[in-house]
1. Pull up all non-local amide H partners of A:S42: gap of 5 or more, or a different chain, and H-to-H distance under 5 Å with H placed in the peptide plane.
2. Ignoring the sites themselves, what is the longest stretch of chain B with no trypsin sites (Lys or Arg not before Pro) in a DSSP loop and at most 13 other beta-carbon atoms within 10 Å?
3. For the range B:137-263, take N as its residue count and report Rg(C-alpha) divided by 2.2 N^0.38 Å.
4. Any idea what the dipole of the protein assembly as shown comes to, in debye rounded to 20, about its Cα centre with Lys/Arg Cβ at +1 and Asp/Glu Cβ at -1?
5. Pop the C-beta distance of A:K67 and B:D135 into the FRET formula with R0 = 41 Å and round what comes out to the nearest 0.05.
6. Check each of the GluC sites (Glu not before Pro) in the range A:1-107 and keep only those in coil by DSSP with at most 10 other C-beta atoms within 10 angstrom; list them in order.
7. Report the Cα centroid-to-centroid distance between the range B:149-228 and the range A:159-178 in angstrom, as an integer.
8. Using a simple spin-label model with points 7 Å from Cα along the Cα→Cβ vector, what separation in nm is obtained for B:A206 and B:A43?
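The values are calculated or read from the model by the stated rules, or taken from the named source; none is laboratory data. Everything numeric here is computed off the predicted structure, so don't read it as measured data. With ideal geometry, Cβ positions are generated from the backbone for all residues, glycine too; neighbour counts draw on all protein chains shown. Only protein heavy atoms, including side chains, enter the accessible area calculation; ligands, DNA and RNA are left aside. Shrake-Rupley method; radii C 1.70, N 1.55, O 1.52, S 1.80 Å.
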Amino acid sequence: MPKTIALLDRPSRLSMSAVPVVIQHHEAAMPKVYGLAKAPGSILQSEALNELLRSRQALQLVGGESKSAAMCFARDGNSNPVAMWIGDDFERRAGSYGLPTEIIAEEFDLEAAGGKALVAPPEEVFARLQIWLEKALHTVLESGKDAREVATLMCEVIPDDKLTRTALYFSARDDSEREAELSWFRKVDRDSRRPTNQKLTKLRLSELKERYKEDIIKKCVVTAVIGRSGSQHGEMAKIAYSKLAARRVPVTKVSFGGYLRELRASANKSELQDLGQRLVEERPFHFARSVIDRKKAGRYLIVDGLRHLRIYKALSYMFEKVHVLMVDATEEEVKRRLSKEVGSAADVESVRSHATEKALEELIRQVPTTYKIPHDGSRTLEHVAELYANKFIAA
Amino acid sequence: MDVIESAVGAQAGMNIDLRAGHAVLSHSQSDDGDLVLALDVAAGNVELLPRTPREEEIVTKAEKLLSTRRPIYAYVGFLHPELGTVGLIVAPGWARRSLFVAVRCDSGGLIGGYGGFKCVGEKCEEMLLEVAFRDEDLPNWSGEFQAEVKASYEGNAFNYVSGQTPNFEAWKDIRVECIRYAIDQGEMDRRLWSWELWLQDGPSPAEIEAIVLSPENCKRMERLVRSKPEVIPRNLRIIYGKVDASGVWWLNDPAVHNAFLGA
């Protein structure tokens, strides 16, 4: 198992960050730096590492062995993972403002003085940071309470992110503070040669404010349609979507399976299952986010094909309400439909015994279903979708 | 985040007046020690002093070969993340005023036999003398550097500052062997061909064109701007490192590369 030795850029107790990580693949190997964009796996001489630690430019990790790092390299030896860091003070302060970090820090398996970390693909870490920032911005714009404190805490994540800037601007105590913030944003952009313009920036911040006040996160009501392969959960999601759309409910539908098929158009069912399982293990938040972001969400969102508890937790972290609509079917029906879809009995068995199907069983055991639809032939999908729509609208 | 790439191809055929990069090290016990030192130097409150070398014995050996004093080191058009989290980008005037040795590569790496320099072995001291400019040879360094960039990067200095491997086959010194060795070993490092400057004193505030910050130092800067804005020199250019879905960027992104070109 690779040994994680240190975090570069010495993240503080106050911050939540993506930072480069120093990893030694085996005892005799030279330590390498991962997580720097465009410079994956640069060798770091031991003397250089010691100097960085001595001069407080790096942070020593305790223990060292990391499952999260091992997973990053297990499938791709050339990957360039990064460390996600959450400082103790950041965690405490975020919790006190109603912005807990437990869900995004669930698999953290590394410790250092003042905080904890995990190693993950950069897309995953960036997705987690963004999701937290979105929640924080909502708190700033909606509650008003502790708004300035939350905005400055957002600075400890990504200070020049547009979400952080929106929060800083609109939480300013008066016009002069707002002007000072805007002037600083413009200086940073100008100095880093990013396009900038005062009017555009003001307008852009206002647009962002409006967008996030009304946007999907938190306010959007999600229905996750779940069901075994062959249970017609996809059909159910489509019909439920049509029922709601027909009633002029602002609804959007996305599908995990559809997203996977977009990624690998030529893959068969079993290969798509493998891909889905891999994305859940490697980058659950990025996976969930990628599926959700495929369409601009309305007030209601139907998510088809959820299978993993980890993804359910990610969705529950992103959205205030996640209902679960479970479609069940008899064994006979499931086998018959799968046989039509994948062919031989062996292939049917392979689909049914895949880890994603096992994950679904765990999800069903652990998550309360809001609507359960026994699809045993006594009622048509059309009929149960109608019931769902009625119940949903009433709720 | 959008970064404007400058049309640096326009450098072709022009005089290449690259800025120097120096990574600040404060040896402070405070997490914001390096940032505070960089701001103090930029404000003219303190003078930048030579860093204590990481490997004193090796560095001292190199220094004794070429001079009698400890320099402030800088690279031409380059800041290495291994050397720090806060960098200074300094105008060419610093080197014109204060330079006493220039080397075609990293002198400490060459004497210490690190990475691609490992192949040099016992002849490292002789080789260092061969790739260094000092005394009466010193004024030639700039012309030699420009000629090398023009010949090895088709005149496009952006390729040098962004760390691309040069067309080195026509070179006549030990670096050719070192780069080939590094390629074989999978240990490529731009310090094999990045030019190093030895300067006798620190840059003046007017010579400091920008400070470059790692993402964690950007957070420290944000705290300062809201608590003690007076410590940030008014006209100092500040280049932020960033984090995005491709990883962490600091000291090595297009904004920094362009700053080395004066853009």
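1. Placed amide hydrogens put A:V33 under 5 Å from A:S42.
2. Values: sites that count: B:R69, B:K172, B:R234.
Between the exposed loop sites, the longest stretch runs B:70-171.
3. On the way: Rg = 18.0 Å, N = 127, 2.2 N^0.38 = 13.9 Å.
Here the Cα radius of gyration is 1.30 times the empirical estimate.
4. On the way: 90 positive and 95 negative charges, 556 e Å.
It comes to approximately 2680 debye.
5. Numbers: r = 58 Å, r/R0 = 1.40.
The computed FRET efficiency comes out at 0.10.
6. On the way: sites: A:E27, A:E47, A:E51, A:E65, A:E91, A:E102, A:E106, A:E107; in loops: A:E27, A:E102, A:E106, A:E107.
Counting only loop positions with at most 10 other Cβ atoms within 10 Å, the GluC sites (Glu not before Pro) in the range A:1-107 are A:E27.
7. About 35 Å separates the Cα centre of the range B:149-228 from the one of the range A:159-178.
8. 2.1 nm
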